Structures are given as C-alpha cells and as structure tokens.
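Worksheet: one structure, shown below.
Please treat every number below as a calculation from the coordinates, not as lab data. Since the structure is predicted, the reported quantities are computational estimates derived from the model, not experimental observations. With ideal geometry, Cβ positions are generated from the backbone for all residues, glycine too; neighbour counts draw on all protein chains shown.
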Amino acid sequence: MATENNGAPKEYTDEQLQYVYENRRYVGTKETVGFVLWDAAQSLNINTYSTRFVTNIVKVDLGYQTIAKTINSVWDIVNDIFTAAIVEKTRTRWGKFRPYLLGLAIPGCIGTLLYWFMPLLFGGKAATSISKFIFYLVLEIVKEGIGTFQGIARTGLLSTITPHPVDRTRLITIANFASGTFGEKLPEQIMTIILDLIDNKAFKTKMSIEKQMLIAFIGMGTATTLLSSGMSFWFFANSKERIMQSIKTPSVKDSIKSILNNKPILLVTLSDFLSGFGISGSKSDYYIDVLHFASMTMLAGIPAAPLSPVSYTFVPWFRRHFSSRVLYIVSHEIANFLYVFVFLFGCIGFNPKTFKGGLYRNKWAMLFAMATWELIWTLFYGLRSVIGTELYNETMDYCEWKNGYRTEAMTSVAKGLAAKVASSTSSVITTALKKMVGYDQNAYTKGEEQPDYVKFYLFAMFTIVPALTGSFGIIPMLFYDLSGKKKELMYAELLERRKNAATVASSGDKEALEAIAEEQINIGKNK
C-alpha cells in the first residue's frame with residue numbers, strides 16, 4: 001500500500017492497478033532495431049564448440065584445463081564483488097551502465113580475437129606446454145574481468161531501458177522472436193556443416209584434417225567476433241537508460257540489505273544455485289565423437305523449426321493461465337525431463353558389461369529421438385526465452401518498490417555468484433571426469449575412434465546425468481509469490497513514483513530533488 005505525503009495510506013482502484021498492463025511504449029523504432037541486433041549478437045558466435053577448440057585444436061592438456069577452470073572460478077567470484085560495488089556507485093550523464101558497455105567493447109573484442117588466434121601463436125607446442133598454458137590462463141582471467149563488467153552492465157541496461165513492464169516484455173519478445181526466426185544460430189550451423197564435411201573427408205585436398213579444422217575455427221571465430229562486436233557497439237551508442245537511479249548512491253551495506261530483504265530474488269538465486277550443480281557433458285562431443293554426425297543438431301531441429309517463432313504466440317496464453325512460478329519451473333525443467341526418455345531409448349540393446357550395442361550408437365535412431373525431443377521442447381521455446389529475463393527484471397522492480405533505490409549491479413552479481421559457484425564446480429568436475437575416463441584428445445584430428453566405454457560416457461553425460469543432478473532448482477521456486485494483486489500494486493506505485501521523480505528532476509528544483517532523495521531513503525524504512 002502506498003502512502004500520501006501526510007503519511008495516510010493511499011488506495012488504488014482496480015482501473016489504476018490494471019494500468020500496468022496497458023500498451024505503453026517508451027523505446028522508439030531505431031532503438032528497438034538496435035536492441036534486436038544486440039540480442040542477435042549474443043548468439044552470433046561458435047561458442048558451442050569452444051571446449052572442442054581448446055581441447056582438440058589448441059590442445060591444452062585436460063589436466064591443465066582443470067587447473068585453469070579452478071583458478072578462473074575463484075577469480076570470477078572475487079572480481080564480481082568489487083566490480084559490482086564500482087558499477088553500483090556509477091552515476092554519469094551517459095547512464096549507470098552504458099559507459100562500461102561502450103568503453104569495454106573494443107578491449108573485449110581484442111581479447112576474443114586473441115582467443116581464436118591461439119593455434120597460430122602456439123602452433124606445434126605440446127599439450128603440456130607451460131607457455132601455452134600460462135597464455136591461456138591469463139587470457140581467460142582478463143576475459144573474465146572484462147566480461148564481468150559487461151555482464152553486469154548488460155543486465156542492468158535491460159532493466160532500465162524502459163520504465164514500463166509491458167514495453168520491456170515487448171522488447172524481449174520481439175528480440176527473441178527475430179533471433180529465432182532469422183537464424184540466431186546460423187554461424188553455429190555453418191560451423192557444424194564444415195566440421196562434418198572435414199570429419200567425413202569431403203574436401204578433396206592434400207591438407208591434413210587438423211589443418212582444415214584450424215582454418216575453419218580461426219576463420220569463423222574471427223568473423224563472428226568482429227560482426228557481433230560491431231552490432232553491439234552500434235546499439236550501445238544509440239541506447240538510453242530511462243529509469244532514473246536513486247539520487248544518492250546506496251552504500252555497500254544498503255546494497256546487501258536490498259538483496260537480503262528481497263524474497264523473490266533470493267528464491268530465484270537459490271534456484272539457479274541448485275540447478276548449477278547439474279553435471280552436464282557436451283551434446284556436440286556426443287554427435288561428433290560417437291556418431292560422427294555433427295549435423296545432427298540441425299537435422300533434428302528441422303521438424304521443430306516452424307514452431308520456434310510460433311511458440312512466442314503461446315506466451316500470452318501461458319501468462320494468463322499460469323503463475324510466473326509454474327511457468328519458470330516448466331520452461332527450465334522440460335529439457336531434462338525429456339532427456340530421461342532419450343537416454344532410455346538410446347539404451348535399448350545396450351550391454352553394460354561390454355559397452356557394446358545400444359541405439360545411442362545408431363545415428364538414424366538417435367536422429368528420430370532427438371527430433372522428437374526438439375519438437376516437444378520447441379513448444380516451450382518462446383516461454384523460456386521471455387520468462388527468465390522478465391522474472392529477474394520483476395525482482396529488480398520489487399527491490400526499487402521496497403527500498404526506494406535499485407541495486408542491479410550487486411543483485412545481479414549476488415545472483416550470478418551463486419550460480420557461478422555451482423556451475424564452476426560442475427565444470428571442473430566434468431573436465432576432470434573426461435580425463436579420468438580416458439578421453440583421447442588427439443583421436444578427433446587423427447580420424448580415430450574413442451573407446452566404447454568413453455562413447456557411452458559421452459552419451460550419458462548429456463542426457464541422464466544432467467537430468468538427475470540439475471533438477472533441484474525446482475524446490476525454491478515453489479515458494480515464489482510475486483503475482484496477482486501484489487504485483488499489480490507494486491507496478492501501480494512504481495509508475496506513479498517514477499513519474500513524480502522525473503517531473504521534479506526536469507524542473508531543476510534543488511530543494512525538491514533533496515526531498516525526493518530523502519523520500520527514497522525513507523521508503524525502505526516504511527515498508
């Protein structure tokens with residue numbers, strides 16, 4: 001319940017509460033197009049093959065990779081904390097987040113290019129080369145530092161680009177619809193075809209398989225890096241932050257307090273934390289090392305492709321009939337649920353004593369299984385693309401409503417830290433297990449086969465193992481209750497509060513600005 005200036009409670013009518021769902025627009029066409037390009041740039045890469053690149057092309061020893069992941073995980077946690085504090089204190093005429101996105105765009109691009117150039121810089125070096133390992137480790141640490149600033153700023157910009165929830169949902173939906181319709185995975189698909197052609201010796205050339213793959217990775221990695229960086233920079237230069245931050249920057253203590261008294265974000269954070277412990281192998285490793293059929297990822301998706309854009313039309317219906325809690329759980333767990341059946345299907349005919357047989361080694365049988373998986377999963381694609389982002393933005397609005405100020409940086413870092421601790425632990429374990437089972441890093445470029453037990457391991461690690469280890473995130477979301485009248489009341493108060501603050505700010509009245517600042521401080525005490 002809101003309060004008038006004299007402290008008396010203010011009631012909102014049903015009509016005022018429904019104002020939150022009106023089709024209000026603040027972001028213009030040019031900025032919307034930029035947002036769509038920026039969103040597409042996030043997927044304009046071949047990162048799905050990054051592990052294979054480091055393992056099979058750069059050939060960094062799996063033991064060294066485990067060490068690097070462990071060190072980088074610790075650094076990731078440490079740098080998140082002070083980075084968030086820096087961003088939280090930022091107040092500039094360009095906004096709170098845009099300076100970091102603009103200023104770090106070029107260094108980030110250079111760091112990614114160096115990543116793809118590693119095979120040229122360390123050609124011929126052994127997998128256990130110390131110089132190669134140190135360069136790889138330092139590059140990962142620098143990339144992580146830059147990525148933390150960019151990640152916090154990206155999340156913050158999305159939550160401040162428009163003050164209206166409907167306008168924000170519109171942007172997210174348009175961007176995800178455009179990406180899904182016009183080929184957000186095109187670079188990945190092109191790379192998949194190239195790898196399949198090379199793996200099956202389709203190119204009539206005297207170049208070795210290793211040399212062909214080297215050219216493919218460096219060429220595609222460089223092209224996608226330059227293109228995605230350019231698209232992102234254009235949006236950063238033409239975007240605007242429209243939600244005014246609190247006039248007085250919150251202290252670290254206040255920032256921490258805003259997280260601890262924000263029940264919705266605590267539940268989402270705990271859910272991410274528990275889900276992050278899911279141990280998951282690479283689907284592409286299975287397709288390439290077991291089936292020698294990297295194009296499976298595209299062929300299996302063909303029957304479901306028409307449903308991808310259509311799935312966004314289901315989102316309004318889902319939102320009307322189910323709570324955010326139910327939708328979040330379903331959209332995040334449907335993949336693991338379906339993978340259980342893929343695993344059982346693949347195990348038909350499998351002999352656990354000899355590791356022989358099993359449909360999981362038959363590319364056409366598994367094409368049918370994965371096509372069915374894709375078909376059902378795609379029905380929820382639009383929902384998954386929208387609900388996670390919108391749920392986080394909703395929790396940030398709750399922070400502003402309850403405390404009188406926003407702490408996007410500290411909140412996103414706290415949320416990210418929990419997930420990173422879990423996922424980093426999972427990543428280290430997965431890499432270590434891969435070495436323990438005897439995965440041969442050289443077999444791929446030499447055209448040789450992995451042992452039978454390794455093939456079964458690769459299959460299990462992307463199907464049944466993540467389903468069994470990554471579903472505990474459901475539990476916290478059972479208690480998420482930011483919905484119904486509570487949510488409507490929150491937005492009704494926020495929209496009025498933001499309107500008043502913007503009016504006072506544009507007037508230039510210093511006394512009024514100080515009064516607004518004092519009011520912001522007192523909001524948290526009165527809630």
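Applying both filters, DSSP loop and at most 13 other Cβ atoms within 10 Å, to the trypsin sites (Lys or Arg not before Pro) of the stretch 346-399 gives LYS353. Among GLY301, PHE203, LEU157, pick out the residue whose Cα is farthest towards the positive end of the charge dipole of the chain, where Lys and Arg carry +1 and Asp and Glu carry -1 on C-beta, about the Cα centre. It is PHE203. Exceedance of the 27 Å cut-off in Cα-Cα distance is limited, within the set LYS30/LYS89; LYS132/LYS434; LYS415/LYS499; LYS263/LYS485, to LYS30/LYS89; LYS415/LYS499. Measure nothing but the geometry: give the 0 to 90° angle between the long axis through the Cα atoms of 130-160 and the longest principal axis through the Cα atoms of the chain, rounded to 10°. Roughly 30 degrees, rounded to the nearest 10. Taking other C-beta atoms within 10 angstrom as a stand-in for reagent exposure, VAL330, VAL54 fall in the order VAL330, VAL54, fewest first.
Taking neighbour Cβ counts within 10 Å as the exposure measure, how do HIS321, HIS332 sort from fewest upward?
HIS321, HIS332
What would the Debye equation give as log₁₀ I(q)/I(0) for the chain at q = 0.10, 0.12 Å⁻¹, counting only Cα atoms as equal point scatterers? With one equal scatterer per Cα and no solvent, log10 I(q)/I(0) is -0.87, -1.23.
Estimated from helical segments only, the mean residue ellipticity of the chain at 222 nm is -21500 deg cm²/dmol, where each DSSP H run of four or more residues counts as -39500 (n - 2.57).
For ILE86 and ALA237, the difference between the fully extended length at 0.36 nm per residue and the C-alpha to C-alpha distance is 52.2 nm. Footprinting exposure proxy ranking of GLU144, GLU493, fewest other C-beta atoms within 10 angstrom first, gives GLU144, GLU493.
Placing a pseudo-label 7 Å from each Cα along the Cα-to-Cβ vector at ALA126 and ALA223 gives an inter-label distance of 3.7 nm. Please go through the residue pairs LYS69/LYS455; LYS143/LYS363; LYS240/LYS486; LYS59/LYS356; LYS59/LYS353 and name each one whose alpha carbons sit more than 26 Å apart in this structure. Listed pairs above 26 Å: LYS143/LYS363; LYS240/LYS486; LYS59/LYS356; LYS59/LYS353. Taking packing as the residue-averaged number of other Cβ atoms within 10 angstrom, the listed peptides 460-470, 114-124, 333-343 run from highest to lowest as 460-470, 333-343, 114-124. For the stretch 67-140, the square roots of the Cα gyration tensor eigenvalues, ordered a ≥ b ≥ c, give a/c of at least 1.5 with a/b no greater than b/c, which places it in the oblate category.
Each residue, VAL142 and PHE368, gets one label point 7 Å from its Cα in the Cβ direction; the gap between the two is 5.2 nm. Centre-to-centre, using Cα atoms only, the stretch 261-322 and the stretch 344-402 are separated by 5 Å. The alpha carbons of the stretch 428-502 occupy a box of 68, 30, 18 Å along the principal axes, longest dimension given first.
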